[in-house]
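Reading through the structure tokens given below for one structure.
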Amino acid sequence: MTIIPMSEFERFLIMFDRMFDFVETYVKKTPSDKYEWIPIDGPGVSFGDRLENITIKGLYVHLTTSEDGFIRSLISAEDGGEIPLPINQQLTNEVYDGDFIAMGRDIHENCMVMLRGIKVTDLTKTVWFQGGEYSAMGFLWALYAHYAYHLGNIDTYMRQGDMKPTAFFNFPESKMA
């Protein structure tokens, strides 16, 4: 494999798009009767303090609608600006009540278009999120980590439900960063 020098942002775009593909692959492997299955219902089941619907479907909807809110806020934020919580209840309801997998893909593809339009100089601006200071590039990596965290949650649910998730390193070959 030839390693081609690329910027951190170019590498991020490849890896973020691939992370979305991983999550989508898991969700597509989920039997439809398990989309809203809860393996252990109780106060100890929590994958974040803002999630109301701790299911595979709920996590996917959360990820895709949050991605939309985070990317839009990051692009519009001034240097030193605050990134608000990505809460868009109307979009969340539309995705949850619709063809959530296809709508999630559409949201992600639109976000990738927005990301490809970011100027390199905009990646150095400082933004704040929940009391933490980030470079815009650093915040994008936090968004990647958000997907990775919830991919692990989905994987756990699939294993508890005997749904046989895809082994993480056994995905189809794709462009690597």
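Restrict the check to segment 25-36 and report whether at least one residue is closer than 25 Å to Gly98 by Cβ, modelled with pLDDT under 90, among the β-branched types (Val, Ile, Thr) and over 15 Å from the mean Cα position of the chain (by Cα). Checked segment 25-36: no residue is closer than 25 Å to Gly98 by Cβ, modelled with pLDDT under 90, among the β-branched types (Val, Ile, Thr) and over 15 Å from the mean Cα position of the chain (by Cα).
Let's see how each residue does on (1) crowded, with 16+ Cβ neighbours inside 10 Å; (2) in contact with a helix residue (DSSP H, G or I) (Cβ under 6 Å, 6 or more places away or on another chain); (3) of a type outside the set (Gly, Ala, Ser):
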site	(1), (2), (3)
Ala77	yes, no, no
Leu85	no, no, yes
His108	yes, yes, yes
Met114	no, yes, yes
Gly117	no, no, no
Leu140	yes, yes, yes
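Of the residues making up segment 90-129, those that are among the polar types (S, T, N, Q) and at pLDDT below 95 are Thr121, Thr124. Within segment 57-114, the set of residues being in contact with a strand residue (DSSP E or B) (Cβ under 8 Å, 6 or more places away or on another chain), of a type outside the set (Gly, Ala, Ser) and free of Cβ contacts under 8 Å to residues at least 60 places away in the same chain comprises Asp79, Glu82, Ile83.
The values are calculated or read from the model by the stated rules, or taken from the named source; none is laboratory data. Every value quoted in this text rests on a predicted model; they were computed, and no experiment measured them. All Cβ positions, even for glycine, are placed from backbone atoms using ideal geometry, and neighbour counts span all protein chains on display.
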